[in-house]
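Take a look at the structure below.
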Amino acid sequence: MDTTSLQYADLDGVRLCYRDGGEGRPLLFLHGTSASLGVWDGVIGHLDGGYRTIALDQRGHGRSSKPARGYSQKDFARDILGLVSGLGLQDVVLVGHSLGARNAVVAAAAAPELFAGVVAVDYLPFVEPQVIDDLEDRVLGGYRSFGSEAEIVDYLCARYPRTPRAALQRRAAYGYQRQEDCFLPLADPGAMRGTVDSFRTDFADAFRSVRVPVAVLRGEHSGIVSARACARAQQERPDFTYVTVPDCDHYIPEAAPEAIARAISTSFPTADMKGLTSCP
């Protein structure tokens, strides 16, 4: 995995890793729990020109800092606001998956003047408590050692059966690192526990109050966002755009990246730009 294009921002004692490229309307990509910025490669590859793409390793993940504590929704949102301000961005579109979708909505609700909108991928308020319990078991069970990258990919293929192998090869290449005689996930287990615990605090208030346009994508076979939760969200915010991605489960960024790219270009086209911010 080529890491030479990675950059770092130091914010209040937390070092955030990100990859920044292109020119035009700024898009800030926020991955899900236990993932990393590499999961957005397919989406970015499906976008036409006119966008500046910034993919972030959120705290506790990838090559960003992994503090012992500080994994509330407000902590994640503070990182987003700090990075946006530090890079001098305006009219940013936040594109978040799962954990990243929650964090995007919370950040946009806190500082709507910084954002043009949100693309929230397969996470909403009103998720059932049992879903969070099951998620915790899966996330913590994923921290294990591997003897080779091929072994990682085989494991990921069994874990995410609807996700193409090529996408999981990218996930393995970026999200794991050799340590002595084995490969380990970059996602820290203590950070993952704190991150999953943060899901137990509802973000319905932010969802109800956010005042920027929001496009919601849900996988047809999502094991995280139930049809009931989605229907409740539509009752609460009928002004949002809702899209069901066919033949997909929760992992839309890797399984159907073209669907997210299409949602971005449809809801937030480059021709609507209020101000260009170019990559230095």
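What the table below lists for this structure:
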{"quantity": "Residues that are of a type outside the set (A, V, I, L, M, F, W, C), touching a Gly at 6+ places or on another chain (Cβ under 8 Å) and within 28 Å of VAL139 (Cα to Cα), drawn from region 14-63", "calculated": "HIS31, GLY32, SER34, SER36, GLY38, THR53, GLN58, ARG59, GLY60, GLY62"}
{"quantity": "Residue that is among the small types (Gly, Ala, Ser) and touching a Ser or Thr at 6+ places or on another chain (Cβ under 9 Å), where the choices are GLY96, GLY22, GLY45", "calculated": "GLY22"}
{"quantity": "Pairs with Cβ under 8 Å, 6+ apart, first in region 233-245 and in contact (Cβ under 8 Å) with a residue 60 or more places away in the chain, second hydroxyl-bearing (Ser, Thr, Tyr)", "calculated": "ALA233/TYR242"}
{"quantity": "Count of region 149-160 residues which are within 16 Å of ILE224 (Cβ to Cβ) and not in a loop (DSSP other than H, G, I, E, B)", "calculated": "1"}
{"quantity": "Residue that is charged (D, E, K, R) and more than 24 Å from ALA68 (Cα to Cα), where the choices are ASP202, ASP188, ASP197, ASP249", "calculated": "ASP249"}
{"quantity": "All positions within region 257-280 that are surrounded by fewer than 18 Cβ atoms within 10 Å (Cβ to Cβ), at pLDDT 95 or above and closer than 16 Å to GLY117 by Cα", "calculated": "ARG262, SER265, THR266, PRO269"}
{"quantity": "Subset of region 189-231 that is touching a helix residue (DSSP H, G or I) at 6+ places or on another chain (Cβ under 9 Å) and of a type in the set (Asp, Glu) - its residue that is surrounded by the most Cβ atoms within 10 Å (Cβ to Cβ)", "calculated": "ASP197"}
{"quantity": "Complete set of residues in region 173-182 that are out of contact with any Leu (no Cβ under 6 Å at 6 or more places or on another chain) and within 24 Å of GLY42 (Cα to Cα)", "calculated": "ALA173, TYR174, TYR176"}
{"quantity": "Subset of region 9-39 (residues that are more than 18 Å from the chain's Cα centre (by Cα) and free of Cβ contacts under 8 Å to residues at least 60 places away in the same chain)", "calculated": "ASP10, GLY13"}
{"quantity": "Leading residue by the ranking (farthest from HIS221 (Cα to Cα)) among those in region 145-166 that are free of Cβ contacts under 8 Å to residues at least 40 places away in the same chain and among the charged types (D, E, K, R)", "calculated": "GLU149"}
{"quantity": "Positions within region 97-119 being within 18 Å of THR201 (Cα to Cα) and among the small types (Gly, Ala, Ser), in sequence order", "calculated": "SER98, GLY100, ALA101, ALA104, ALA107, ALA108, ALA109, ALA110"}
{"quantity": "Residue, nearest to the chain's Cα centre (by Cα), within region 141-184, restricted to residues that are closer than 24 Å to THR4 by Cβ and of a type in the set (S, T, N, Q)", "calculated": "GLN169"}
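The values are calculated or read from the model by the stated rules, or taken from the named source; none is laboratory data. Predicted model only: the values in this text are computed from it and were never measured. For neighbour counting, all protein chains shown are included, and Cβ atoms are generated from backbone atoms with ideal geometry for every residue, glycine included.
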